[in-house]
């Protein structure tokens with residue numbers, strides 16, 4: 001047990017204060033720059049007193065960055081990733097915990113090992129699959145000689161193709177799998193008493209009914225905590241949307257910030273760029289603040 005003393009409290013609060021200042025100072029600079037006119041932003045050193053042009057700079061950033069279209073794309077991509085990850089992870093954890101099949105623990109550990117494989121490592125094969133999502137099935141048919149057999153019998157050549165480039169499916173579907181969410185759901189499901197599953201089975205509840213009517217309601221705090229994590233993850237995606245989209249109409253808000261960075265031939269209107277940055281940062285901040293209590297409760301074990 002740590003002894004509480006005035007000196008120790010002062011030291012710990014000082015360390016926390018310095019750390020908070022270091023973390024928040026760039027945000028303060030961005031906010032102040034977003035409220036200043038162009039002339040004040042280029043002053044060296046820039047003033048730390050906020051101005052009164054935040055709304056004007058925000059409007060310029062919205063129009064210049066085409067945030068209306070990109071905002072819709074970001075919302076669709078983020079919500080798609082969020083619901084897709086939760087659905088896949090919960091069903092996977094449910095199968096691992098409540099179905100006794102061969103090599104289920106091997107399957108779990110293979111999923112868990114993927115935590116060491118970030119998106120950047122598997123970006124090339126993922127992009128190849130996104131170019132034709134049915135390519136693995138086509139290759140399987142070719143290996144089994146089924147393509148040649150069908151062509152010989154019917155004269156029809158099987159050529160499966162599903163291009164995910166420049167589509168919402170391409171932005172979301174390759175990111176549905178989540179080892180972290182699967183692990184958290186599994187750990188929670190292991191805390192559910194076995195008597196509850198036995199009682200549901202005796203009452204005539206099938207696996208899906210038990211999953212949807214009992215497990216999911218009990219998992220609401222865990223789902224809320226994961227929703228915060230996955231929303232921030234999906235909203236801040238930059239590399240994958242940058243690779244999967246070539247159509248400007250499919251760009252996201254995080255990608256759209258590039259349009260606000262002044263080039264060599266333009267005025268260095270960093271006030272507009274900072275205003276756009278604040279608008280892009282606002283949705284994740286709102287989600288974290290609104291679901292903060294559920295987030296903490298979900299990480300601490302939830303309710304049963």
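Throughout, read-outs are computed from the coordinates displayed, never taken from laboratory work. Not measured: the values here are computed from a predicted model. Every residue, glycine as well, gets a Cβ built from its backbone with ideal geometry; the counts of neighbours run over all protein chains shown.
Below are the figures for this structure:
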| read-out | value |
| --- | --- |
| Extension gain from residue 290 to residue 83, taking 0.36 nm per residue of separation minus the Cα-Cα distance | 72.7 nm |
| Proxy reagent accessibility, fewest Cβ within 10 Å first, across 86, 285 | 285, 86 |
| Distance (nanometres) between label positions extended 7 Å along Cα→Cβ at residue 138 and residue 14 | 6.6 |
| Zone of residue 187's modelled label, taken as backbone nitrogen in segment 60-83 under 11 Å from a point 7 Å along Cα→Cβ | none |
| Nearest-ten-degree value, helix 67-98 long axis tilted from longest Cα axis of the chain | 40 |
| Label-point gap, in nm, between residue 162 and residue 205 - each point 7 angstrom along Cα→Cβ | 3.2 |
| Cβ-Cβ FRET estimate between residue 198 and residue 110, R0 fixed at 30 Å, reported to 0.05 | 0.55 |
| Residue exposure sequence - 202, 274 - by fewest surrounding Cβ within 10 Å | 202, 274 |
| Ranked list, fewest to most other Cβ atoms within 10 Å of each Cβ, for 220, 60, 85 | 220, 60, 85 |
| Shape category assigned to segment 1-96 from the gyration tensor of Cα positions, a/c cut at 1.5 | oblate |
| Nearest-ten-degree value, helix 179-190 long axis tilted from longest Cα axis of the chain | 60 |
| Estimated FRET transfer efficiency when R0 is 25 angstrom, pair residue 128-residue 259 (beta carbons, to 0.05) | 0.30 |
| Alpha-carbon spread of segment 48-167, three principal axes, descending order, Å | 74, 43, 24 |
| Two-decimal Rg to Rh for the chain - Kirkwood Rh, Cα set | 1.08 |
